[in-house]
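A.B. asks: Can you keep this structure in mind? I'll have questions shortly.
The values are calculated or read from the model by the stated rules, or taken from the named source; none is laboratory data. As the structure is a prediction and not an experimental result, all values here were calculated from the model. Neighbour counts are summed over all protein chains in view; Cβ atoms, including those assigned to glycine, are modelled from backbone coordinates with ideal geometry. The accessibility values were calculated without ligands, DNA or RNA, using every heavy atom of the protein model including side chains. Shrake-Rupley method; radii C 1.70, N 1.55, O 1.52, S 1.80 Å.
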Amino acid sequence: MKRALLVASVASMVDQFNMQNIRLLKELGYHVDVACNFVDGNTCSNERVKELKFKLTKEKVGCFQVDFARDVLQLKQNIKAFRQLQAIARKKRYKLVHCHAPIGGVLGRLVFRKYRKMGTSVIYTAHGFHFFKGAPVKNWILYYPVEKFLSRWTDCLITINKEDYRRAKRKFHADRMVYVPGVGVDTEKFNSGLVDISAKRASLGVTDNDIMLLSVGELSVRKNHQIVIRALKELNNPRIKYFIAGQGELQEYLTELIKDYGLNDKIFLLGYRTDISELCQAADLFVFPSKQEGLPVALMEAIACKIPVYCSDIRGNVELVKNKEFLFDPTNEENLVSGLRKMFGEKKYEEFKERSKKEILENYKQLLLFDLNYVNTKMSGLYYTSGGGVYPNCNYYEPPQFFGSIGNTAWKNIIFCLRG
């Protein structure tokens with residue numbers, strides 16, 4: 001039996017970004033194992049991680065605990081993780097290894113470099129390089145040389161935004177470099193009209209006269225929720241209530257910041273939530289202030305719910321939101337305050353709602369380029385060819401038997417994707 005190993009630094013990356021990939025590999029006839037840190041560093045709750053392990057086990061996916069550290073500079077812990085991954089590699093012969101994010105990508109490619117000579121294909125998905133236009137100099141010094149060097153031991157390098165793809169294509173040495181539009185978004189799941197909005201808002205303590213703002217993301221420096229809190233303090237609009245769904249290391253800091261500003265009745269930390277679609281549909285505006293993204297799933301889901309979005313003007317976000325009027329500088333609090341004032345200042349809200357209708361439709365139209373079905377067909381093709389399969393050189397060909405559940409339409413898309 002062919003074996004595939006998915007390597008990720010934390011279990012939440014498997015849960016949030018790779019369940020479809022596991023399904024696709026199983027459909028292609030692979031026995032799939034997962035190596036990640038199920039214990040520490042996850043952005044989802046412990047209960048959610050337990051549910052994930054139960055689901056993986058039920059689907060006969062092997063689970064290996066590897067003590068990856070999220071910080072590349074935690075050398076002692078990452079050396080331990082390296083040795084744990086080596087033991088897994090020695091125990092089983094993998095035909096395909098798919099590594100994710102910096103730590104998983106570094107250690108995975110270091111461990112499996114010698115196995116490439118024995119027929120193992122190594123795929124690496126960069127979920128947004130830490131070096132990018134406008135990134136701190138230290139990011140370029142620390143991450144760029146490592147990624148460039150390790151690209152030599154990469155059979156297929158997947159980038160999820162066009163800025164990263166262009167840079168990798170020019171500078172790196174992977175055997176194959178591919179752009180895949182993120183992990184996709186299920187536009188049917190995150191669709192409008194699937195929730196009682198009035199009831200949802202009431203459950204959050206939001207009245208008809210309130211303006212509900214929502215952010216979704218880990219409570220971390222990178223996600224930058226603090227700039228919105230400070231901006232709302234400056235804006236001082238009594239109608240606005242702001243909700244943040246997520247958990248993370250800055251929870252205590254943000255709680256104290258809200259308390260210090262006297263905004264306990266206006267700003268609420270919701271913790272980890274499983275009702276993101278309902279929250280998005282209930283909101284009047286989705287605010288996404290992140291300083292760094294690859295291609296943000298949270299933003300895609302909000303757009304799929306057909307609500308207005310106001311996001312930082314950074315790599316990844318700008319592939320989803322094209323109108324500069326709905327983008328802001330994530331390092332400039334005055335810029336954010338000014339933008340929110342234009343939307344929610346005196347007698348501005350009704351005007352904003354009317355103006356945003358066109359923007360909602362434009363964003364949704366753009367989102368269709370990132371549809372989950374399209375991403376799945378492209379990943380199916382990459383897995384198939386990375387495992388040794390070769391597509392016929394023709395416009396259309398009957399799919400092999402093991403492609404049955406993927407279907408003829410998807411097969412046509414796969415050939416198109418591989419050529420594109």
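A.B. asks: Looking at Phe344, Phe370, Phe352, Phe328 in this structure, which one is under 25 Å from Arg166 (Cα atoms) and touching a Phe, Trp or Tyr at 6+ places or on another chain (Cβ under 8 Å)?
C.D. replies: On the way: Phe344 fails: under 25 Å from Arg166 (Cα atoms); Phe370 fails: touching a Phe, Trp or Tyr at 6+ places or on another chain (Cβ under 8 Å); Phe352 fails: under 25 Å from Arg166 (Cα atoms).
After ruling out the rest, the residue left standing is Phe328.
A.B. asks: Given the residues Lys80, Lys91, which is the only one that is at pLDDT 95 or above and out of contact with any strand residue (DSSP E or B) (no Cβ under 8 Å at 6 or more places or on another chain)?
C.D. replies: On the way: Lys91 fails: at pLDDT 95 or above.
Among Lys80, Lys91, only Lys80 is at pLDDT 95 or above and out of contact with any strand residue (DSSP E or B) (no Cβ under 8 Å at 6 or more places or on another chain).
A.B. asks: OK, next. Taking the condition open to solvent by 60 Å² or more (accessible area, probe 1.4 Å), farther than 19 Å from Asp313 by Cα and touching a residue at least 40 places away in the same chain (Cβ under 8 Å), does Trp140 pass? So that I can check it myself, show each step before the final result.
C.D. replies: On the way: open to solvent by 60 Å² or more (accessible area, probe 1.4 Å): yes; farther than 19 Å from Asp313 by Cα: yes; touching a residue at least 40 places away in the same chain (Cβ under 8 Å): no.
Spelling it out, it is not the case that Trp140 is open to solvent by 60 Å² or more (accessible area, probe 1.4 Å), farther than 19 Å from Asp313 by Cα and touching a residue at least 40 places away in the same chain (Cβ under 8 Å).
A.B. asks: Can you say whether Cys44 is among the hydrophobic types (A, V, I, L, M, F, W, C) and at pLDDT below 95, as far as the supplied structure shows? Reasoning before the result, please.
C.D. replies: Details: among the hydrophobic types (A, V, I, L, M, F, W, C): yes; at pLDDT below 95: yes.
Spelling it out, Cys44 is indeed among the hydrophobic types (A, V, I, L, M, F, W, C) and at pLDDT below 95.
A.B. asks: Another question about this same structure. With respect to Tyr374, determine if the residue is closer than 28 Å to Asp196 by Cβ and surrounded by fewer than 22 Cβ atoms within 10 Å (Cβ to Cβ).
C.D. replies: On the way: closer than 28 Å to Asp196 by Cβ: no; surrounded by fewer than 22 Cβ atoms within 10 Å (Cβ to Cβ): yes.
The answer is no for Tyr374.
A.B. asks: What's the number of the condition Ala202 fails, among (1) outside any helix (DSSP H, G or I); (2) free of Cβ contacts under 8 Å to residues at least 40 places away in the same chain; (3) open to solvent by 20 Å² or more (accessible area, probe 1.4 Å)?
C.D. replies: Of the numbered conditions (1) outside any helix (DSSP H, G or I); (2) free of Cβ contacts under 8 Å to residues at least 40 places away in the same chain; (3) open to solvent by 20 Å² or more (accessible area, probe 1.4 Å), the odd one out for Ala202 is (1).
A.B. asks: May I ask you to verify whether Val185 is open to solvent by 50 Å² or more (accessible area, probe 1.4 Å), of a type in the set (A, V, I, L, M) and either on the phi < 0 side of the Ramachandran plot or touching a residue at least 60 places away in the same chain (Cβ under 8 Å) (or both)? Let's see the steps before the verdict.
C.D. replies: On the way: open to solvent by 50 Å² or more (accessible area, probe 1.4 Å): no; of a type in the set (A, V, I, L, M): yes; either on the phi < 0 side of the Ramachandran plot or touching a residue at least 60 places away in the same chain (Cβ under 8 Å) (or both): yes.
It is false that Val185 is open to solvent by 50 Å² or more (accessible area, probe 1.4 Å), of a type in the set (A, V, I, L, M) and either on the phi < 0 side of the Ramachandran plot or touching a residue at least 60 places away in the same chain (Cβ under 8 Å) (or both).
A.B. asks: Please note which strands (runs of 3 or more DSSP E) are completely contained in the range 1-111 and include at least 3 residues that are open to solvent by less than 20 Å² (accessible area, probe 1.4 Å), touching a residue at least 60 places away in the same chain (Cβ under 8 Å) and within 27 Å of Leu142 (Cα to Cα).
C.D. replies: Values: elements: 2-10, 30-37, 62-65, 96-100.
Fully inside the range 1-111 and qualifying: 2-10, 96-100.
A.B. asks: Regarding the range 151-161, can at least one residue be identified that is closer than 25 Å to Phe82 by Cβ, crowded, with 20+ Cβ neighbours inside 10 Å and of a type in the set (D, E, K, R)?
C.D. replies: No, the range 151-161 has no match at all.
A.B. asks: Now, a different point. Within the range 172-180, identify whether any single residue is more than 20 Å from Cys99 (Cα to Cα), modelled with pLDDT of 95 or more, in contact with a Phe, Trp or Tyr (Cβ under 9 Å, 6 or more places away or on another chain) and outside any helix (DSSP H, G or I), and answer yes or no. Before the answer, list the steps.
C.D. replies: The first filter runs over the range 172-180 and keeps only residues more than 20 Å from Cys99 (Cα to Cα), leaving none.
Scanning the range 172-180 turns up no residue that is more than 20 Å from Cys99 (Cα to Cα), modelled with pLDDT of 95 or more, in contact with a Phe, Trp or Tyr (Cβ under 9 Å, 6 or more places away or on another chain) and outside any helix (DSSP H, G or I).
Residue by residue, here is whether (1) at pLDDT 95 or above; (2) under 25 Å from Val375 (Cα atoms); (3) touching a Lys or Arg at 6+ places or on another chain (Cβ under 7 Å) holds:
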{"site": "Lys241", "(1), (2), (3)": "yes, no, yes"}
{"site": "Gly248", "(1), (2), (3)": "no, no, no"}
{"site": "Glu252", "(1), (2), (3)": "yes, no, no"}
{"site": "Thr255", "(1), (2), (3)": "yes, no, no"}
{"site": "Leu263", "(1), (2), (3)": "yes, no, yes"}
{"site": "Lys266", "(1), (2), (3)": "yes, no, yes"}
{"site": "Ile276", "(1), (2), (3)": "no, yes, no"}
{"site": "Ser290", "(1), (2), (3)": "yes, yes, yes"}
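A.B. asks: So, one more: For Phe112, are the conditions met, namely being over 20 Å from the mean Cα position of the chain (by Cα) and within 30 Å of Leu270 (Cα to Cα)? Please lay out each step first, then the result.
C.D. replies: Values: over 20 Å from the mean Cα position of the chain (by Cα): yes; within 30 Å of Leu270 (Cα to Cα): no.
Taking the combined requirement at face value, the residue does not satisfy it.
A.B. asks: Take the residues in the range 115-137 that are free of Cβ contacts under 8 Å to residues at least 24 places away in the same chain and open to solvent by 70 Å² or more (accessible area, probe 1.4 Å); name whichever of them is farthest from the chain's Cα centre (by Cα).
C.D. replies: This residue is Lys117.
A.B. asks: Does the range 222-238 include one or more residues that are closer than 20 Å to Asn332 by Cα, surrounded by fewer than 15 Cβ atoms within 10 Å (Cβ to Cβ) and without any contact (Cβ under 8 Å) to a residue 12 or more places away in the chain?
C.D. replies: Yes; the residues of the range 222-238 include at least one that is closer than 20 Å to Asn332 by Cα, surrounded by fewer than 15 Cβ atoms within 10 Å (Cβ to Cβ) and without any contact (Cβ under 8 Å) to a residue 12 or more places away in the chain.
A.B. asks: Determine whether the range 290-302 contains at least one residue that is polar (S, T, N, Q), in contact with a Gly (Cβ under 6 Å, 6 or more places away or on another chain) and within 26 Å of Asn46 (Cβ to Cβ). Please lay out each step first, then the result.
C.D. replies: Here is the first cut: in the range 290-302, the residues polar (S, T, N, Q) are 290, 292.
After this cut, where a residue has to be in contact with a Gly (Cβ under 6 Å, 6 or more places away or on another chain) as well, the list is none.
Checked against the condition, which is being polar (S, T, N, Q), in contact with a Gly (Cβ under 6 Å, 6 or more places away or on another chain) and within 26 Å of Asn46 (Cβ to Cβ), the range 290-302 yields no hits at all.
A.B. asks: Hey, any hits in the range 124-136 for a residue that's closer than 20 Å to Tyr179 by Cβ, part of a helix (DSSP H, G or I), among the small types (Gly, Ala, Ser) and at pLDDT 95 or above?
C.D. replies: Filtering the range 124-136 for residues closer than 20 Å to Tyr179 by Cβ gives 124-133, 135.
If we keep only those that are part of a helix (DSSP H, G or I) too, we end up with none.
Looking through the range 124-136, none of the residues is closer than 20 Å to Tyr179 by Cβ, part of a helix (DSSP H, G or I), among the small types (Gly, Ala, Ser) and at pLDDT 95 or above.
A.B. asks: Which one is most open to solvent (accessible area, probe 1.4 Å) among residues in the range 163-182 that are within 20 Å of the chain's Cα centre (by Cα) and among the acidic types (Asp, Glu)?
C.D. replies: Out of the qualifying residues, it is Glu163.
A.B. asks: Can you find a residue in the range 245-256 that is crowded, with 17+ Cβ neighbours inside 10 Å and over 20 Å from Leu299 (Cα atoms)?
C.D. replies: yes
A.B. asks: Being out of contact with any Lys or Arg (no Cβ under 9 Å at 6 or more places or on another chain) and hydroxyl-bearing (Ser, Thr, Tyr): is that true of Tyr272 here?
C.D. replies: Working: out of contact with any Lys or Arg (no Cβ under 9 Å at 6 or more places or on another chain): no; hydroxyl-bearing (Ser, Thr, Tyr): yes.
The answer is no for Tyr272.
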